[in-house]
Amino acid sequence: MAFQAPKGVSEYVPPRSALFEEAREAFATSARRACYAYVETAVFEDTALFVRGVGESSDVVTREMYSFEDRGGREITLRPEFTAGVLRSVLEHNLHKGALPVKVWTQGAVFRYERPQAGRYRQFYQFDLEAIGTEDPAVDAETIALGWDAYASLGLRQYTLLVNSLGDKTCRPVYREALQKFLRGLDLDGPTRQRIELNPLRVLDDKRPEVRGQLANAPVMADYLCAECKAHHDAVRNLLNALEIPFTDAPHLVRGLDYYTRTTYEFDHALLGAQSGIGGGGRYDGLSEDIGGPPLPGIGFAVGLDRIVLAIESERTGASAQPGTGCQVFGVPLGEDTHADVLTLITALRRAGVRADMSFGTRGLKGAMKAADRSGAAFAALVGEQERRHGTVRMRDLADGEQYDVPATDAAAWLIERLGTHR
Ligand code: HAM
């Protein structure tokens, strides 16, 4: 039997891959507009980076990492997320010694050994954005606004924003203790009791009704925030109001990674069922020190591009990609010996910025015209013996069958003018 991709690997092939590209580009555009610079960082890292960065008590580190020993005996892990590696790279390349904040974005595959289901994969794709080196609440609001606007630019409407503050190293321990005290008094099973001691905030995230039912009166971080954290949180909330970004206060919102401090947020999509989280992030003011760097606050978020594709498909009728990626003109050689003429023509068209393809191989006129139709192009550009002699191209409008003889040298200008009205 032919090979299949390993279980849980998410892949995109045409035509659906156009939606993936569109999703990625929407976030890239949003990041570039706010002057975030692109970085490309390690796909695998020292395992210790994630253990110390993401946190020993997180599910990601304890259960979901793709870890192995390489041939040199090093402990290696495929990145389960971007933040720890991006910060490691920023520190390693001394970007934090230049102008602050360091604003960067990246995208690519990340790996978590999860139970695969719709919207949850073992190899999936994130867009990730980080602003490192300032505590200014305005940058918290900036990152949230960039995410919010990128979803909107894709035509999505059915998403909501949840916001919370997890406090800092002054106030969180006090809250943690109060929460532990409360949780120890509940009727919970063994593993959950262990979790109370290791990572009590995660218990708030338990989805089981029998646990949820007991959590209604659990203490919330909002009541324990120290003066600085409260002021920061109020500032972020006021900024979101000023930017007209609707949000819900979510006092029980805890994120799956241990590095978060202060602002945390999540974007949820209404039509995606169990895997509704289409993005999330927050501050990680202690992460730099946790991985051996200087004190350096930071904030960012990541978006699950796979879930964005699903969200687009759930909201957009027809779910075809927005214009801008498909083939616009398809070259058709009339007879064997005009292949070179057609390739020359479409190369010139491409150099003029037109998206062009041609019929390769020896499939005859009928096959070539079928390929032209399938390509989705607006025009077929036919070149035969006669066209070559006259230095013309026969442009055929594939929608209505109209044909136009155009001088080859004018072909690009002619197409550009017509494609403007066509798409
Ligand atoms: P995260 O919440 O673990 O945060 O992941 C971000 C997004 O990745 C989620 O909202 C979801 O859309 C997507 N995602 C997570 N797991 C899967 C999966 N198994 N399959 C498909 N999509 C998934 C982070 O990764 C943080 N590094 C975000 C961040 C950046 N915080 C600060 N800066």
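The values are calculated or read from the model by the stated rules, or taken from the named source; none is laboratory data. Given the structure is predicted, the values throughout are model-derived calculations rather than measurements. Virtual Cβ from ideal backbone geometry, glycine too; neighbours counted across all protein chains shown.
Worth a mention:
- Considering only residues in region 1-22 that are of a type outside the set (D, E, K, R) and free of Cβ contacts under 8 Å to residues at least 12 places away in the same chain, the one that is farthest from T325 (Cα to Cα) turns out to be M1.
- Count - residues of region 33-54 that are over 15 Å from R88 (Cα atoms) and either surrounded by 13 or more Cβ atoms within 10 Å (Cβ to Cβ) or at pLDDT below 95 (or both): 2
- Within region 400-409, the set of residues being touching a strand residue (DSSP E or B) at 6+ places or on another chain (Cβ under 9 Å) and within 13 Å of L349 (Cβ to Cβ) comprises V406, A408.
Rundown of residues vs (1) within 16 Å of the ligand (Cβ to nearest atom); (2) in contact with a Cys (Cβ under 6 Å, 6 or more places away or on another chain); (3) of a type in the set (A, V, I, L, M), yes/no style:
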{"site": "A216", "(1), (2), (3)": "no, no, yes"}
{"site": "A227", "(1), (2), (3)": "no, no, yes"}
{"site": "K230", "(1), (2), (3)": "no, no, no"}
{"site": "L240", "(1), (2), (3)": "no, no, yes"}
{"site": "R255", "(1), (2), (3)": "yes, no, no"}
{"site": "Y259", "(1), (2), (3)": "yes, no, no"}
{"site": "I278", "(1), (2), (3)": "yes, no, yes"}
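- From L239, L179, residue being more than 33 Å from the chain's Cα centre (by Cα) and of a type in the set (A, V, I, L, M): L179
- Here the strands (runs of 3 or more DSSP E) wholly within region 211-319 that include at least 3 residues being out of contact with any Lys or Arg (no Cβ under 8 Å at 6 or more places or on another chain) and touching a residue at least 12 places away in the same chain (Cβ under 8 Å) are 261-269, 298-304.
- Restricting region 368-393 to residues that are part of a helix (DSSP H, G or I) and under 39 Å from the mean Cα position of the chain (by Cα), the residue that is surrounded by the most Cβ atoms within 10 Å (Cβ to Cβ): A372
- For region 239-293, filtered to residues that are aliphatic (A, V, I, L, M) and in contact with a Phe, Trp or Tyr (Cβ under 6 Å, 6 or more places away or on another chain), the residue that is farthest from L156 (Cα to Cα) is L287.
- Test: residue in region 6-17 that is surrounded by fewer than 18 Cβ atoms within 10 Å (Cβ to Cβ), of a type in the set (S, T, Y) and not in a loop (DSSP other than H, G, I, E, B): yes
- Some residue of region 361-372 being in contact with a helix residue (DSSP H, G or I) (Cβ under 9 Å, 6 or more places away or on another chain) and not charged (D, E, K, R): yes
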